[in-house]
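Colleague: Take this structure first; my questions come after.
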Amino acid sequence: MRWVWAALLIAAVLGVGLLVYQSSEPELTPARTGDRSKVTIMPIDLDGLDKEVRGNKGSVVLVEFWATWCGPCRAEFPKFVALHERYADRGLLCISVSREKDPEIDRDIALSFLKDQHATTTNFIYTELTRRGIEGLQERFGYPGDIPYSVLYGRNGERISPESGPYFSARELVSKIEAELDKKP
């Protein structure tokens, strides 16, 4: 009889654990409805990227740093597309910045990946692979050196930091985006 109660208790704990696990991260699966023919990628340097972000004050801006050679980036990028699909009509501007090893040679590979993802976001390939370019990303964007990396800017143009560490969880990112979008421009 004890083993029945123990089995029921274990089943209940596992059931609750499964519910908590499933509800801990928001569902971010892209519909991939964006027109592939409208997907583009443009070269950008540090100053151009800084200008692009600052020029959109009043909007909520999400910048995603990624690369085609980065497995975790490729796995996480669909969530970025899903955020664009979900919130662009409410004022979220999504900017992807590809950190390819050779921007000239790898441009077509990055563009092909973006088209496969239906990423009708604003897409750039980062060209300033100098010390200044890398240090500038750290100073201006909080870039920790690893990808994928997301940085969020509120309507006031200020960078919004994750609550702990340099990376947002999906849940925290969605929460911060929604809070910023609810603010008046």
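The values are calculated or read from the model by the stated rules, or taken from the named source; none is laboratory data. These numbers come from a predicted model, not from an experiment. Because the Cβ atoms are built from the backbone with ideal geometry, glycine has one as well, and the counts that use them run over all protein chains shown.
Colleague: Mind checking whether some residue in segment 91-102 is within 19 Å of Pro43 (Cα to Cα), among the polar types (S, T, N, Q) and either part of a strand (DSSP E or B) or touching a Pro at 6+ places or on another chain (Cβ under 9 Å) (or both)?
Modeller: Step one: list which residues in segment 91-102 are within 19 Å of Pro43 (Cα to Cα), which gives 93-102.
After this cut, where a residue has to be among the polar types (S, T, N, Q) as well, the list is 96, 98.
Subset that is either part of a strand (DSSP E or B) or touching a Pro at 6+ places or on another chain (Cβ under 9 Å) (or both): 96, 98.
Yes, segment 91-102 contains a residue that is within 19 Å of Pro43 (Cα to Cα), among the polar types (S, T, N, Q) and either part of a strand (DSSP E or B) or touching a Pro at 6+ places or on another chain (Cβ under 9 Å) (or both).
Colleague: Also: Filter segment 103-126 down to the residues that are assigned to a helix (DSSP H, G or I), buried (at least 18 other Cβ atoms within 10 Å of the Cβ) and hydrophobic (A, V, I, L, M, F, W, C) and list them by number.
Modeller: Scanning segment 103-126 gives Ala110, Leu111, Phe113, Leu114.
Colleague: Any idea which residue in segment 69-122 is nearest to Asp35 (Cα to Cα), counting only those that are out of contact with any Asp or Glu (no Cβ under 6 Å at 6 or more places or on another chain) and among the acidic types (Asp, Glu)?
Modeller: Among those that are out of contact with any Asp or Glu (no Cβ under 6 Å at 6 or more places or on another chain) and among the acidic types (Asp, Glu), it is Asp116.
Colleague: Take the residues in segment 147-185 that are of a type in the set (Phe, Trp, Tyr) and either over 15 Å from His84 (Cα atoms) or surrounded by fewer than 19 Cβ atoms within 10 Å (Cβ to Cβ) (or both), then tell me which one is nearest to the chain's Cα centre (by Cα).
Modeller: The initial filter retains those residues of segment 147-185 that are of a type in the set (Phe, Trp, Tyr), namely 149, 153, 167-168.
From the residues that got through so far, the ones that are either over 15 Å from His84 (Cα atoms) or surrounded by fewer than 19 Cβ atoms within 10 Å (Cβ to Cβ) (or both) too are 149, 167-168.
On the way: Tyr149: 7, Tyr167: 10, Phe168: 9 Å.
Out of the qualifying residues, it is Tyr149.
Colleague: I'm checking my understanding of the structure. Among residues of segment 149-185 that are part of a loop (DSSP other than H, G, I, E, B) and of a type in the set (Lys, Arg), which one is modelled with the lowest pLDDT?
Modeller: Pass one, segment 149-185, residues part of a loop (DSSP other than H, G, I, E, B): 154-158, 161-169, 182-185.
After this cut, where a residue has to be of a type in the set (Lys, Arg) as well, the list is 155, 183-184.
Values: Arg155: 94, Lys183: 92, Lys184: 81.
Among them, the one singled out is Lys184.
Colleague: Follow-up question, since we're still on this one. Would segment 136-144 turn up any residue that is out of contact with any Cys (no Cβ under 9 Å at 6 or more places or on another chain) and hydrophobic (A, V, I, L, M, F, W, C)?
Modeller: If we filter segment 136-144 for residues that are out of contact with any Cys (no Cβ under 9 Å at 6 or more places or on another chain), which is where we start, we get 136-144.
Still in the running and hydrophobic (A, V, I, L, M, F, W, C): 137, 141.
So far as segment 136-144 goes, yes, one or more of its residues are out of contact with any Cys (no Cβ under 9 Å at 6 or more places or on another chain) and hydrophobic (A, V, I, L, M, F, W, C).
Colleague: Considering only residues of segment 127-146 that are surrounded by fewer than 18 Cβ atoms within 10 Å (Cβ to Cβ) and acidic (Asp, Glu), which is nearest to Arg99 (Cα to Cα)?
Modeller: The qualifying residue nearest to Arg99 (Cα to Cα) is Asp146.
Colleague: Failed condition for Glu135, given (1) of a type outside the set (A, V, I, L, M); (2) assigned to a helix (DSSP H, G or I); (3) closer than 20 Å to Arg155 by Cα, with all others met?
Modeller: Evaluating Glu135 over (1) of a type outside the set (A, V, I, L, M); (2) assigned to a helix (DSSP H, G or I); (3) closer than 20 Å to Arg155 by Cα leaves (3) as the failure.
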